[in-house]
Amino acid sequence: MQRTYPPIDWDAANGRTRILVYLHGDAPGTRWARALRAGDRCVVFGPRKSVRLDAPSGVILFGDETSLGLAAALASQAPLHLLLEVSADADAALGQLGLRDAQCCGRNASDTHLIALEGRLSALLQAHPAADIVLSGRAGAIQPMARLLRQHGVAAAQRQSKAYWAAGKTGLD
């Protein structure tokens, strides 16, 4: 099984890394993470450049619980403006990762919460026009946010997307 997890810490010299895995559903990555025990050896490739982690002017990150590892990695390298759709209270995890300034919005089945998130993303774009934008997490939430970025005229070089999951699908990162 191969999955992509952004490393929060990467120590190639000692052969150690630290990742955060959100356990949801019964997906292959969830089953692997639930079976993992301290001291288990894993084959790890990385880090790779699927998402740039070098934005000195700051990053606006839109995502969900599966994006928290990426958020922690980005926060250690640049000013981070975090916007999340969440299915449950994420305050404890955000606090442990030092991401206390995240803007969270509860996810609902009809996706009407995305309207509020579009407004918040528009406000962040106005407040931080030079920031790089990363859309991550649920594919169905990334699509309307990507449309919003195009409507705002955000250049392709300033934005990137990484879908970690989609309802009813397996095999995404």
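The values are calculated or read from the model by the stated rules, or taken from the named source; none is laboratory data. Predicted, not measured: the structure shown is a model, and the values here were computed from it. We place every Cβ from the backbone using ideal geometry, glycine too, and count neighbours over all the protein chains shown. Each accessible area value is taken on the protein alone, full model and side chains, heavy atoms only, with ligands, DNA and RNA left out. Shrake-Rupley method; radii C 1.70, N 1.55, O 1.52, S 1.80 Å.
Key figures for this structure:
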quantity	calculated
Set G140, G119, G153: member being small (G, A, S) and touching a residue at least 12 places away in the same chain (Cβ under 8 Å)	G140
Region 68-83, residues that are in contact (Cβ under 8 Å) with a residue 24 or more places away in the chain and within 19 Å of A116 (Cα to Cα)	H81, L83
Residue in region 147-162 that is most open to solvent (accessible area, probe 1.4 Å), counting only those that are within 14 Å of R120 (Cα to Cα) and assigned to a helix (DSSP H, G or I)	L148
Hey, Q143 in a helix (DSSP H, G or I), open to solvent by 70 Å² or more (accessible area, probe 1.4 Å) and within 19 Å of A78 (Cα to Cα) or not	no
Some residue of region 163-171 being touching a Pro at 6+ places or on another chain (Cβ under 7 Å), open to solvent by 50 Å² or more (accessible area, probe 1.4 Å), closer than 24 Å to H24 by Cα and part of a loop (DSSP other than H, G, I, E, B)	yes
